[in-house]
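In what follows, a single structure is set out as structure tokens and then discussed.
The values are calculated or read from the model by the stated rules, or taken from the named source; none is laboratory data. Only a predicted model underlies this, so the values are computations on that prediction, with no experimental measurement involved. Note that each Cβ is placed from the backbone with ideal geometry, even for glycine, and that neighbours are counted across all protein chains shown.
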Number of protein chains: 2
Amino acid sequence: MPQIHDQTTCQSCSQRFNSVFCKAKEEYINQINEQKICNVYKKGQILFNEGAYPFGVYCINDGKIKLSHVGDDGKEQIIRLLKAGDILGYRALLSGDRYSASAVALEDTQICFIPKELFVSVLKLDPGLAFEMMKLLSDELHKAEIKLTHLAQKPIRERLAETLLFIKETYGFEEDGITLNVRLSREEIANLVGTATESAIRLLSEFKKDGMVELDGKKIKILSQKQLIKTANLQD
Amino acid sequence: MPQIHDQTTCQSCSQRFNSVFCKAKEEYINQINEQKICNVYKKGQILFNEGAYPFGVYCINDGKIKLSHVGDDGKEQIIRLLKAGDILGYRALLSGDRYSASAVALEDTQICFIPKELFVSVLKLDPGLAFEMMKLLSDELHKAEIKLTHLAQKPIRERLAETLLFIKETYGFEEDGITLNVRLSREEIANLVGTATESAIRLLSEFKKDGMVELDGKKIKILSQKQLIKTANLQD
DNA sequence: CTTAAAGCATGATAAAAATCATGTTTCAGG
DNA sequence: CCTGAAACATGATTTTTATCATGCTTTAAG
């Protein structure tokens, strides 16, 4: 079970102005602070499962989370990668649905939970938060629609290159400035690209042979971002 | 150029309670009614183009619209089908982006235009509307993520069956109770499924041979919805 | 009415990607 | 430190899907 971590307040949270709450009124931040529940999830732990009912939203203080569907044939499809400052669990809550995706910690992660009733009531009272929420939803919708188009139209080689760039955008590099700052299995990379694990492995090897990346177990170093962008064949 | 159609008021609009405005306060509906601009778009006419700046949202009074991206290689990907009561143009507006998709009338369509400033200000003042807007965005995000998973994991045969069912859900049947109530070219169907036009044509022929559909030019009759659901291999 | 263009259809072929098979490496738990 | 399972890697094969080619049909413009 998750353990309670050092309680910093929402008022002084390092992620506050990096999150959807950036425009929320102090008064409501205080309310959220009082009712939030903080937890640490170990790598691999599940925050919530597809099919469960949402009881609130999760706000990442530090760490990394993957959100994924399980397709009809049992194959995982990773639909979002989340980091500090991101919230999750809002989609189902706002739609009034059950969760359509599962959330799993990719590393040890500190997370605050905000109860549904509080979140919804603040959303109704604070137009600043509501507007940021709409912006967030719109941005996610945009990303999903672009990804959808690329899935339909681009070959796997291009999609893998794009995925590596996306991982870099999301989690950045380690101190060395070239190693992707997250450890994903080849299977997870494949499930992000939307391909068979073997295909992902094969293409990563090709990328290595082409001098675009360096592979060291789960560590992936980006040697030529320029070449990767070219391989991804992005216009937008 | 579009022509002005019979001005019914927003207050008495047949789509009012079938739209995102269902919970909006009378006061704001009145304001919208005063500033709205009504137009008729002929089949094939463009409401807005990918890359343009949004100046407001469009609200469909009657008719059908397709929203589509053009992929990096010039191929169209249809991302949404819209009908009476739906609004469009909000995604870019809320994100503060330019349009990432183009909107084209699939048949003669009556549309009201609501200026950006008004829509945004009402959104900030009316939590009822804001909440419905969030619900709408969440629902669209959900649909996009499901579609994304299916694009990544399902064979084209299943996706075509699913697309036919989706068209039926969206536009329903004609009076005969079996003919899909929209005319789409084979190419458009392919661009909805995310496949080559020839593949869509070929599979439609197979579906016909299997007795699932009947084809008469652009008219598509669903003979066995049950078989189609089975072919789509849907769990959710 | 006729005719050119667009759309539809279908077969043949090529390319892309998945699956299957097998061996190697890595790593966590005893 | 050992050992079995999982993950990684790579070749061979099969399946899926796109592309190319060609002819037919419908449709809209003159």
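Tabulated results
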| item | result |
| --- | --- |
| Residue in segment B:220-227 that is within 11 Å of DNA strand D (Cβ to nearest atom), surrounded by fewer than 19 Cβ atoms within 10 Å (Cβ to Cβ), farther than 22 Å from A:Leu148 by Cβ and of a type in the set (A, V, I, L, M) present | no |
| Filter pass, A:Lys147 being at pLDDT 95 or above, more than 26 Å from B:Ser138 (Cα to Cα) and either in contact with a strand residue (DSSP E or B) (Cβ under 7 Å, 6 or more places away or on another chain) or more than 13 Å from DNA strand C (Cβ to nearest atom) (or both) | no |
| Top-ranked residue in segment A:115-124 [being touching a Pro at 6+ places or on another chain (Cβ under 9 Å) and farther than 13 Å from A:Phe21 by Cα; ranked as nearest to the other protein chains (Cβ to nearest Cβ)] | A:Lys124 |
| Qualifying residue in segment B:36-53 (condition: away from chain A (no Cβ under 14 Å) and either acidic (Asp, Glu) or at positive phi (or both)) | yes |
| Exclusive hit being in contact (Cβ under 8 Å) with a residue 40 or more places away in the chain, closer than 20 Å to A:Leu141 by Cβ and not in a loop (DSSP other than H, G, I, E, B), set A:Ile60, A:Ile65 | A:Ile65 |
| Scan of segment A:68-105 for residues that are assigned to a loop (DSSP other than H, G, I, E, B), within 28 Å of A:Thr9 (Cβ to Cβ) and aliphatic (A, V, I, L, M), ordered by number | A:Ala84 |
| Failed criterion for A:Lys143 (all others in (1) in contact (Cβ under 8 Å) with a residue 60 or more places away in the chain; (2) within 10 Å of chain B (Cβ to nearest Cβ); (3) charged (D, E, K, R) hold) | (1) |
| Residue under evaluation A:Ser199, criteria (1) within 13 Å of DNA strand D (Cβ to nearest atom); (2) more than 27 Å from A:Gly74 (Cβ to Cβ); (3) of a type in the set (S, T, N, Q), criterion not met | (2) |
| Those residues of segment A:106-162 which are farther than 30 Å from A:Arg186 by Cα, among the β-branched types (Val, Ile, Thr) and not in a helix (DSSP H, G or I), in sequence order | A:Ile114 |
| Of the criteria (1) within 23 Å of B:Asn18 (Cβ to Cβ); (2) in a helix (DSSP H, G or I); (3) within 16 Å of DNA strand C (Cβ to nearest atom), which one B:Phe166 fails | (3) |
| Top-ranked residue of segment B:190-202 - restricted to ones that are of a type outside the set (S, T, N, Q) and assigned to a helix (DSSP H, G or I), ranked as nearest to the chain's Cα centre (by Cα) | B:Leu192 |
| Breaking point among (1) loosely packed, with under 15 Cβ neighbours inside 10 Å; (2) within 14 Å of chain B (Cβ to nearest Cβ); (3) away from DNA strand D (no atom under 16 Å from the Cβ), for A:Gly177 | (2) |
| Those residues of segment B:142-163 which are within 14 Å of the chain's Cα centre (by Cα) and of a type in the set (A, V, I, L, M), in sequence order | B:Ala144 |
| A:Thr163 being hydroxyl-bearing (Ser, Thr, Tyr), surrounded by fewer than 22 Cβ atoms within 10 Å (Cβ to Cβ), free of Cβ contacts under 8 Å to residues at least 40 places away in the same chain and closer than 16 Å to A:Gln77 by Cβ | no |
| Residue check, A:Leu234 away from DNA strand D (no atom under 14 Å from the Cβ) and either under 27 Å from B:Gly71 (Cα atoms) or facing chain B (nearest Cβ under 10 Å) (or both) | yes |
| Number of the exception - B:Ala152 against (1) touching a residue at least 12 places away in the same chain (Cβ under 8 Å); (2) of a type outside the set (Ser, Thr, Tyr); (3) under 23 Å from A:His69 (Cβ atoms); (4) buried (at least 19 other Cβ atoms within 10 Å of the Cβ) | (1) |
| Subset of segment A:203-226 [within 16 Å of DNA strand C (Cβ to nearest atom) and either within 14 Å of chain B (Cβ to nearest Cβ) or assigned to a strand (DSSP E or B) (or both)] | A:Glu214, A:Leu215, A:Asp216, A:Lys219, A:Ile220, A:Lys221 |
